[in-house]
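Written out below as structure tokens is the structure these notes cover.
The values are calculated or read from the model by the stated rules, or taken from the named source; none is laboratory data. Since we're looking at a predicted model, the values are computed, not measured. Here the Cβ positions follow ideal geometry from the backbone for every residue, glycine too, while neighbour counts run over all protein chains shown. Side chains included, ligands, DNA and RNA excluded: accessible areas come from the protein's heavy atoms. Shrake-Rupley method; radii C 1.70, N 1.55, O 1.52, S 1.80 Å.
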Amino acid sequence: MKTGGRSLSARQVTLMILGYGIGGGILTLPSLAAGIFGASGWLAVLVIGLLYVGVAWIAGRLAEKFPEETIIEYSPRLLGKVIGLLFNLAFIALLYLVIPVNIRILQELVNISLLPGAPTWFVSGTYLLALAYGASREVDQIAQVNELLIEIAIFVGLFVVVASFQHFDPIHLLPVFSKDQINLDQMEQLLGLTFAFGSLPVVNMVVPYIRNPRQTTKATMKASFFIALIYTFFTAVSLGVFGYKEAIDLSWIGLELAKSVNSRAVILQRLDLVLIVSWISALYTTGLISSFLVGLALGQLVRVRKKAYIIWALVPVTYYLSASLKNYFIWTRWSIYVALLSLVIAFFFYPLLYFLSLRKEKRHE
Amino acid sequence: MKKRSFRRARPVAEFRKEKAKKERAGNEGGPPQEGPALTTDFTANINYLKERIGVSNDVVFREFVFPLPEPVQAVLIFVDGLITKDTINEYILLSLTTFEAKEADWAKDRRNLAEKVKDHVLAINEVSLESNLTLMITAILSGETALLLEGEDRALICNTRGWEHRGIEEPSTEAAVRGPRVGFNEILRSNTAQVRRWIRDPDLRVKTMKIGLRSQTDVALVYLETVANPELVAAVEERLKKIEIDGVVESAYLQEYIEDRPYSLFPTLQTTERVDRVVGAVLEGKVAVLVDNTPFALIMPITFWQLYYSAEDYYHRWPLTFLIRVIRFIAFFFSLYLPAIFIALAVHNPELIPFNLAIKIAGTREGTPFPIFLETLFMELAIEILREASVRLPGPFGQTIGIVGGFILGDTAVRAGLISPIMTIIVALTAISSFTAPSFGVAITMRILRFPLMLVAEIGGLYGLSLATIFLLINMTGLRSFGVPFLSPVVPLNLSDLKDSFFVAPRWAMIKRPLVNEPLDLRREASKANHWWEALLMPPKHRKRRRGKGE
């Protein structure tokens, strides 16, 4: 078994994309979807998810064209030095800004349930240290940690969703795309909705570590498809249980769903805390992969071989950013720009880079 | 075959090697690798040997005359207690002193006398010629007998090894309800012979080397040449050869040198004194290292999960083994987390405990003077002290200590109101769970880890425990056993090897050896199936025949 080098299997790459994509967003996604599309929010999530599957094909193909390099390395060659540099900075910013958001969500989840009143320095600080410690490891180690944690989180999440079927009413999912319920003027929320799907940068950064780069596209598409499926299922069940009107008002709808499945207490009085505990692992995988990719990308940009130095150097900045805003929902409003950046990269830069790579290939022929 | 990368045994190995070389250069006490050669001067040779080893009273120099037409002075040198006297008396001394030269033409010419004696006189099965004095001394100190002849610059080394030793007994540390009742003993040759008895395959290799500058301990690598990955064998051999210490008292000495991560709490090699376990491992493509003077063999590579498998697992029918393993892993979870989870729930999230249970716990804790964390800590420490005391005392006393400590002390403490009854249940369940680990090494690791987890639970509750678990996971995913990921086959997932993990497939479905060992010969069973899940649908042929005959 190799450490470093080409050590990742296609399955591990799929799970890394899933681990990066599925995080705190899933706990709030149904509310956002309900706010914009009403009862048919689940269908909108499915449509957006399938759109991203299309982009995943492009991202995967692009990665396959440069199996020895990350997007940071080949983008300046395709876009030119200046635009390439600007793209790289935007790309790294996109990866990096996920981390403080991720920390903020964790802080709030912990304060809401596990440790009410625990100071920010303690919760965010310890979590940030755990992120930096994990992200400074080798890529195969990160893939293994992600492989285990994301599977546990998805399993517990699906258990909650399936268990909450007892309160599910299919009528809540109708009518489909009713004009009265759709509020497309809420651009901020719509962008926030799409941001949840933006996990494709992972593949363009880890392709040099994939054992068989030819499987990259398949792995990427599979991951995007799973993300679309999981989000749709979760949104559909949340809307089916609460109805879209109630769902709009529930900030942490995922937790409310877990509370709804509380049956007669046998071992534990409440099940929602079990969801939170397992969801910490989902949050952690997102933060871990982001931190690792930021370290890797910045290392390549400034030509520092030891990514651990960069990761640890960013810890105080990340802490400051995560603690500077009052709560996650303020972050959400602020992070619209980040979501917009994610959209631009996914729907404009990926096709552009792929097109340029094809043209370059033709020229060489 | 894929290229396999093995990490270096120790980052400091080079440094140690250099240091040891420097020390040896300035130190004449240790035996150098190259020594003086024997000369034709018989007296000088004897004087040298007497100076080097003759000071000790257990080294015997038996001088006699070899009755050739022109009598030859001879000496037998051996260590009393390490040889079989009968062999020396009957097959060496008797043969040499009663030799009738008249009947042998070769005796007329004294040239190459040592070789002629070897071929015509000595009735010993293992005899070799040695001209290096240092190697000769090593052979004598290992139980062999050296025969020096006047005028010869080569000595005859006869294998006369034999000493008092423990017989083959049932292993005391790895008891099993079903399975062979034989374990290794302290004699290396006896141990390798036992493995040979089990595997009568000409491909079974036993490579012996000496480790320990002063102890010159025999260490044997045991593996199947056509099954074990040659890179694995080479890596084990290389790491062993790099070891430069004065002595190897037990296989644990080697273990610490050849592990991939010497600072890790988790053992990344398996120790066992069961012959069947070593045989099973060798058949799977692993390498076993047997060390003279200890019954404990080392097996490599291993995974974390294998530390929780017992040799007996393979002797029961698969549904029972499956159940036993599930129970064992639940016990593993309890032994590591139970006190910590109790602290986290009781201190930070009592609302999670069902109402009736919470009331009961609160009722039993009324009047106890210590906070929950300290109470748990004291009880855990008490259990550890009891455990240590019971191990140190002789058998019956040890059991008495366990009973007195466990029942009387616990009961008295509860009656005195010092601890709550729920705490005795938690601590007892944790202690009993920790005994289910078949590997002593991993059980100790769990015992050590339990204390920081309790502290983390006190400070950070379930959140702290989640983070601590993540830390633990990161650490475990970084571990390798000779290149094999420690958590394999769960992460990275290896479907083929899952047949022998939490889940246990029937013996007839385990058609392939574990892939993590990257064996040369993958198949262990003739079957049309390519994977164990396919083989599950193809029960053994003889069963079909039986059914066909109407049984």
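In terms of accessible area, using a 1.4 Å probe and ignoring ligands and nucleic acids, A:42, B:318, A:252 rank largest first as B:318, A:42, A:252. Of all complete DSSP H helices in chain A, those with a Cα span along the helix axis of 18 Å or greater and a mean Kyte-Doolittle hydropathy of -0.5 or more are A:41-65, A:81-109, A:120-135, A:139-163, A:216-242, A:272-302, A:307-324.
Of B:105, A:180, B:292, the order by accessible heavy-atom surface (1.4 Å probe, DNA, RNA and ligands excluded), from most exposed downward, is A:180, B:105, B:292. A Cα-only calculation for the stretch B:33-155 places Rg and Dmax at 13.8, 43 Å. What angle do you read, to the nearest 10 degrees and between 0 and 90, between the alpha-carbon axis of helix B:13-25 and the longest principal axis of chain B? Helix B:13-25 and the main axis of chain B meet at about 30 degrees.
Sorting the segments B:135-144, B:502-511 by their mean number of nearby beta carbons within 10 angstrom, highest to lowest, gives B:135-144, B:502-511.
Restricting the stretch B:154-204 to chymotrypsin sites (Phe, Trp or Tyr not before Pro) that sit in a DSSP loop and have at most 15 other Cβ atoms within 10 Å of their own Cβ leaves B:163. For residue A:195, the accessible surface of its heavy atoms amounts to roughly 50 Å² (probe 1.4 Å, protein chains only, rounded to the nearest 10). Among the residues of B:468-479, the average count of other protein chain beta-carbon atoms within 10 Å of the residue beta-carbon is 6. Summary of the geometry: the stretch A:291-321 and the stretch B:436-510, compared by the centres of their Cα atoms, lie 29 Å apart. The alpha carbon centroids of the stretch A:69-143 and the stretch B:295-336 are separated by 39 Å. Legend: mean number of C-beta atoms from other chains within 10 angstrom of residue C-beta atoms, peptide A:134-144, equals 4. The angle between the Cα long axis of helix B:318-347 and the main principal axis of chain B comes to about 60°, on a 0 to 90 degree scale. Scanning residues 5 or more positions from residue B:224 or on other chains, those with amide H under 5 Å from its amide H are B:205, with H placed 1.01 Å from N in the peptide plane. Is the C-alpha gyration tensor of the stretch B:159-214 telling us rounded, prolate or oblate? Criteria: a/c under 1.5 is rounded; beyond that, a/b larger than b/c is prolate, otherwise oblate. Oblate is the answer for the stretch B:159-214, as a/c is 1.5 or above yet b/c matches or exceeds a/b.
Relative contact order of chain B, taken over Cα pairs closer than 8 Å and 6 or more residues apart, is 13 percent. Result for chain A in a Gaussian network model with C-alpha springs under 10 Å: among A:90, A:33, A:196, the largest mean-square fluctuation is at A:90. Shielding by partners for peptide B:347-360, expressed as the average number of C-beta atoms from other protein chains within 10 Å of each residue's C-beta, is 4. Is the stretch B:91-161 best put as rounded, prolate or oblate by its Cα gyration tensor, with a ≥ b ≥ c the root eigenvalues, rounded for a/c under 1.5, and otherwise prolate when a/b is larger than b/c, oblate when not? Here the stretch B:91-161 falls in the oblate category.
As a length-normalised measure over Cα pairs under 8 Å and 6 or more apart, the relative contact order of chain A settles at 41 percent. Across the stretch B:495-548, the mean sequence separation of Cα contacts (distance under 8 Å, 6 or more residues apart), normalised by length, yields a relative contact order of 34 percent.
With respect to chain B, whose longest principal axis is taken over its alpha-carbon atoms, helix B:355-365 is tilted by about 70°. Peptides B:246-257, B:353-364, ordered by how many other C-beta atoms sit within 10 Å of their residues on average, highest first, read B:246-257, B:353-364. When B:200, B:317 are compared by accessible area of protein heavy atoms, the largest-first order is B:200, B:317, using a 1.4 Å probe.
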